[in-house]
Amino acid sequence: MKTVNHWIGGKTVEGASGNYGPVTDPATGEVTTQVALASADEVDAAVQVAKEAFLSWGQSSLAARTKVLFAYRALLDANRDAIAELIVAEHGKVHSDALGEVARGLEIVELACGITVQLKGELSTSVSSRVDVSSIRQPIGVVAGITPFNFPAMVPMWMFPLAVACGNTFILKPSEKDPSASTLLAQLASQAGLPAGVLNVVHGDKVAVDALLAHPDIAAVSFVGSTPIARHIHTTASANGKRVQALGGAKNHMLVLPDADLDAAADAAVSAAYGSAGERCMAISAVVAVGSIADTLVDKIRERAEKIKIGPGNDPTSEMGPLITAAHRDKVASYVKGAAAQGADVVLDGTGYTVEGKENGHWIGLSLLDNVKTDSDAYRDEIFGPVLCVLRVDTYEEGVALMNASPFGNGTAIFTRDGGAARRFQLEIEAGMVGVNVPIPVPVGYHSFGGWKDSLFGDHHIYGNDGTHFYTRGKVVTTRWPDPSDAPAGVDLGFPRNH
């Protein structure tokens, strides 16, 4: 059986704890790999390696860093398929979706290649007689990233390329459910010339996470995952003196106004709700239909959903793959099975779906629930699976009020032909990312990704300008150089004058 070990100091390091976790092929349910689970001592060893590497990497020139990043970008591009194949084998998503994930991660590597612009400081000359004031940004040291199973390549690439470009060293703790992609990312970085110890991958479970959160030599922690864990990460790491960006869960709504192009809205709803089997924090899981269009919209969504082909991720004809684990599949199914008792109309029930010859895979079909109530489990919880809820309201105002009452504020969308309504929506809605006739408004790399309310803990969004600021500290330098003709000024105990 294949074993995934740690990557520390530029080389593979075998697990020493004696603990291993299973990695399954979601399409078959077969355990194909075991992953080493680090102890607290192993985490500490990785941190010490990163701490030592920071002494030189943090002082390295921007030219040296960007040279490595440009080479890294080329290697990632050349190995897109290899990375995608690992994602398919361990996560289960279809190959085209995995390639898309790699492409979105590459955007942040490209942003990091231009870090010279992001790290430019400011200078004010002659703020007083021969006094200049400048501001600079410096790396903060050893930083950690804790990433989820649903995007095992993209989310790590949202973190470490910017962190190392800013001069930090990095400890990545990826999901133990699909660990191989992150290890390959680190190996390719080493091939690109990244010095040993700058990027390290430590696999593990809660033991490793808690060790990272408590370690005194880690300056900052980035996290993407569920809201309860994000809250724990933020509380614990902050209490240990670290800066934290912790992105949590979501219940993303799509408001469809009566004037919308319903075919475009239905296409978008199906793509955004069921893509990647709904296992993404930017999935549209609640459509809010305004007025008399609801029946027509539900029919159009159903017609499209019934045609989606579900199968193994390595089958080119598959449009959606299985869920990550059998336990998660069963949890997702429970929301559909309990929906009718909580007042919903079950338009499509995908809980009995299976694939011939692969009956032990973690299969589930597409489910569509209509007339969902806001107090139902299917609406309140982040299901993280291919289940779309439709809620009906009479007016735009009622729809916005319903959406703003949600404790989540990650992403949202409106579908309309009315520019005035769209402008009003983007100002009134309480969410960090808004799409206008765009169902999944994930920002491009040079803008930042992040939500509001229970979807974000901490002050910084991820990547973009926020990412650069998170991985650096600002410093202001006030300088006075005496003119050669100046006589000694003598002692002055008064407050410095600015004129």
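The values are calculated or read from the model by the stated rules, or taken from the named source; none is laboratory data. Model, not experiment: these values are computed from the prediction. Here Cβ is always computed from backbone atoms with ideal geometry, including for glycine, and neighbour counts include all displayed protein chains. Surface accessibility is based on the protein's heavy atoms, side chains included, excluding ligands, DNA and RNA. Shrake-Rupley method; radii C 1.70, N 1.55, O 1.52, S 1.80 Å.
Using a ≥ b ≥ c from the Cα gyration tensor of region 31-120 (square roots of the eigenvalues), is it rounded, prolate or oblate, where a/c under 1.5 gives rounded and otherwise the larger of a/b and b/c decides, a/b for prolate? Numbers along the way, then the final one.
Numbers: a/c = 2.97, a/b = 1.18, b/c = 2.52.
Verdict is oblate for region 31-120.
Roughly how many percent of the accessible protein surface of region 246-339 is carbon and sulfur, given a 1.4 Å probe and a whole-percent answer?
Working: 1480 of 3040 Å².
Heavy-atom surface of region 246-339 belonging to carbon and sulfur, 1.4 Å probe: 49 percent.
How far, in degrees from 0 to 90, does helix 419-428 lean away from the longest principal axis of the Cα atoms of the chain, to the nearest 10?
60
With axes computed from alpha carbons, what is the tilt in degrees of helix 180-191 against the longest principal axis of the chain, rounded to the nearest 10 within 0 to 90?
So the helix axis and the longest Cα principal axis differ by about 30 degrees.
If you take the Cα atoms of region 1-52, find Rg, then find the Kirkwood Rh from the mean of 1/r over all pairs, what is Rg/Rh?
1.08
If one computes the Cα centroid of region 161-202 and of region 254-283, what distance in Å separates the two points?
About 34 Å separates the Cα centre of region 161-202 from the one of region 254-283.
With only alpha-carbon atoms counted, please give the Rg and Dmax of region 342-499, in Å.
26.8, 92
In straight Cα distance, which lysines are under 23 Å from K11, not counting same-chain residues fewer than 8 positions off?
K2, K51, K67, K173, K177
Where q = 0.28 Å⁻¹, what log10 of I(q)/I(0) comes from the Debye formula for region 290-361, counting one point per Cα?
Reported log10 I(q)/I(0), two decimals: -1.30.
Restricting things to alpha carbons, tell me how big region 380-439 is in terms of Rg and Dmax, in Å.
Just the Cα atoms of region 380-439 yield Rg and Dmax of 11.9, 34 Å.
Grab every C-alpha pair in region 50-192, bin the distances at 5 angstrom width from 0 up to the longest one, and report whole percents.
Percent of pairs per bin, in order: 2, 10, 18, 20, 17, 12, 8, 5, 3, 2, 2, 1, 0, 0.
Please compute the modelled spin-label separation between R423 and K307, points set 7 Å along Cα→Cβ, answer in nm with one decimal.
3.7
Would you mind calculating the relative contact order of region 338-435 from Cα pairs under 8 angstrom and at least 6 residues apart, reporting the percent as a whole number?
Working: 120 pairs, mean separation 19.5, N = 98.
That works out to 20 percent.
Show which lysines lie in cross-link reach of K373 when reach means a straight Cα distance below 22 angstrom and same-chain residues fewer than eight apart are skipped.
Straight-line reach from K373, under 22 Å: K251, K300, K331, K337, K453.
What order do you get for 347-358, 430-441 when each peptide is scored by the mean count of other beta carbon atoms within 10 Å, highest first? Mind showing how you got there, number by number?
Details: 347-358: 15.1, 430-441: 19.4.
The peptides rank, most packed first, as 430-441, 347-358.
What value, in deg cm²/dmol to 500, does the helix sum -39500 (n - 2.57) over DSSP H runs of n ≥ 4 give at 222 nm once divided by the residues of the chain? Walk me through the numbers before you get to the answer.
Details: 16 runs with 182 residues, N = 499.
After summing the helix terms and dividing by residue count, I get -11000 deg cm²/dmol.
Give the peptides 473-484, 18-29 in descending order of average Cβ contacts within 10 Å, highest first.
On the way: 473-484: 10.4, 18-29: 18.9.
Top to bottom by mean Cβ count within 10 Å: 18-29, 473-484.
Is the shape of region 184-236 rounded, prolate or oblate, going by the alpha carbon gyration tensor and its root eigenvalues a ≥ b ≥ c, with a/c under 1.5 for rounded and a/b larger than b/c for prolate?
Taking the square roots of the gyration eigenvalues as a ≥ b ≥ c, region 184-236 is prolate.
If you line up the long axis of helix 40-57 against the longest principal axis of the chain, both from Cα atoms, how many degrees apart are they, to the nearest 10?
50
What nm value, rounded to one decimal, do you get for the distance between E398 and V117 when each label is placed 7 Å out toward the C-beta?
4.7
With viscosity set to 1.567 mPa s at 4 °C, what whole-number translational diffusion coefficient in µm²/s follows for region 118-205 from Stokes-Einstein and a Kirkwood radius over Cα pairs? It would help to have the intermediate numbers written out before the result.
Values: Rh = 14.8 Å.
Answer, rounded: 87 µm²/s.
Full-extension gain between D267 and T374, please, as 0.36 nm times their residue separation minus the C-alpha to C-alpha distance. Walk me through the numbers before you get to the answer.
On the way: separation 107, 0.36 × 107 = 38.52 nm, distance 2.42 nm.
That pair, D267 and T374, stretches by 36.1 nm at full extension.
What translational D, rounded to a whole number of µm²/s, comes out for region 99-157 from Stokes-Einstein when the hydrodynamic radius is the Kirkwood one over Cα pairs, at 25 °C and 0.890 mPa s? Walk me through the numbers on the way to the answer.
Working: Rh = 14.8 Å.
My calculation gives 166 µm²/s for D.
Could you check the simple spin-label distance between S485 and D459, using points 7 Å along Cα→Cβ, in nm with one decimal?
4.6
Over region 165-314, what per residue volume does the convex hull of the Cα atoms give, in whole Å³?
Working: hull volume 25.8 nm³, N = 150.
It is 172 Å³ per residue.
Would you list, by chain and number, the aspartates and glutamates whose Cα falls below 16 Å from the Cα of K120, excluding same-chain residues fewer than 8 positions away?
Straight-distance partners of K120: D466.
Using Stokes-Einstein with the Kirkwood hydrodynamic radius over Cα pairs, what translational diffusion coefficient do you get for region 404-494 at 25 °C and a viscosity of 0.890 mPa s, in µm²/s rounded to a whole number? Walk me through the numbers on the way to the answer.
Details: Rh = 17.0 Å.
The Stokes-Einstein estimate is 144 µm²/s.
Can you bin region 258-320 into rounded, prolate or oblate? Criterion: square roots of the alpha carbon gyration tensor eigenvalues sorted a ≥ b ≥ c, rounded for a/c under 1.5, prolate for a/b above b/c, oblate for the rest.
Working: a/c = 3.07, a/b = 1.90, b/c = 1.62.
The shape class here is prolate.
Local charge sum around H362 (other residues, Cβ-Cβ under 14 Å, Lys/Arg +1, Asp/Glu -1)?
On the way: positive: K93, K177, R329, K331, K358; negative: D25, E30, E90, D178, E279, D330, E359.
Combined, the nearby Lys, Arg, Asp and Glu give -2.
How many percent of Cα pairs in region 241-286 exceed 12 Å? Write down the numbers at each step before the final one.
Values: 683 of 1035 pairs.
For region 241-286, the fraction of Cα-Cα distances above 12 Å is 66 percent.
Using packing as a proxy for protection, rank 371-377, 99-105 so that the peptide with the highest average count of other Cβ atoms within 10 Å comes first.
Details: 371-377: 15.3, 99-105: 19.6.
Ranked from most to least packed, the peptides come out as 99-105, 371-377.
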